[in-house]
1. Could you calculate the FRET efficiency of residue 168 with residue 59 from 1/(1 + (r/R0)^6), where r is the beta carbon distance between them and R0 is 35 Å, rounded to 0.05?
2. Extension gain residue 15-residue 66, at 0.36 nm per residue separation less the Cα-Cα distance, in nm?
3. If I model a spin label as a point 7 Å beyond the Cα along the Cα-Cβ vector, how far apart are those points for residue 47 and residue 114 in nm?
4. Which residues' amide hydrogens lie under 5 Å from the amide hydrogen of residue 44, considering only partners 5 or more residues apart or on another chain, with H built in the peptide plane?
5. For the range 6-73, count all C-alpha to C-alpha pairs, find those more than 13 Å apart, and express that count as a whole percent of the total.
6. Whole number in Å², please: accessible area per residue of the range 66-129, 1.4 Å probe, ligands, DNA and RNA not counted.
Amino acid sequence: MVWVKSELAEELAVVAAWLSALIPWSISVSLGELAGGSLVEFHFPFFLVRFLFGLEVPAPNPLVLLPWEAVAFYGDAPGPLPFMVWTVGAAVVALAVVLSVGMYVFEARFQRASLDPVRVMGGLLLAAAILHTAASALLQFGALPVDSVPSDSFPGILIPIGVVFQFAFAYVLLRVDRVDRSTADEPGERADEPA
């Protein structure tokens, strides 16, 4: 089943990269579980925003952290591992955004490339989705016991919103029907005829 026309695949790849960078890959919600207070934390690919309600803490409220800052901030509980995985996922999303800018600015050059940039984008978004799924699972359920790596589950429930979008974008981009670009662009030749 074709989800997107081949001639719109590049545009979809660019939009998918930017949406994956802007939509939070997960939202953690804990209502009344932290000394009577509540927590809502949005995990965007490049930063997190934490809101505390009914709690007095020494940290700023709302708190904004970059992925590598969250590794140190949450070093004791729930532990650094989910945030390390998230940092790698953020790097993959950054590569997807850089590729999308290249696809937009150097469109003709990317059309002549030996690797299909749409498939590369699909692969990057699939890798980001897998990494963010692992980070989500580590936050929600904690990690397997690993020596010298503290890990505990995050309080409340985690909703993996952006992960679903990343998997969907990856699926569509990896499954799109692509015309053979080298022959389809030649005037007077059909893509299905041998050269």
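The values are calculated or read from the model by the stated rules, or taken from the named source; none is laboratory data. Given the structure is predicted, the values throughout are model-derived calculations rather than measurements. Because the Cβ atoms are built from the backbone with ideal geometry, glycine has one as well, and the counts that use them run over all protein chains shown. These area figures cover heavy atoms from the full protein model, side chains too; ligands, DNA and RNA do not enter into them. Shrake-Rupley method; radii C 1.70, N 1.55, O 1.52, S 1.80 Å.
1. On the way: r = 35 Å, r/R0 = 0.99.
So the FRET efficiency works out to roughly 0.50.
2. Numbers: separation 51, 0.36 × 51 = 18.36 nm, distance 2.33 nm.
Length gained, residue 15 through residue 66: 16.0 nm.
3. 4.1
4. So residue 44 has HN proximity to 25, 49.
5. Summing the P(r) tail past 13 Å for the range 6-73 gives 70 percent.
6. 49
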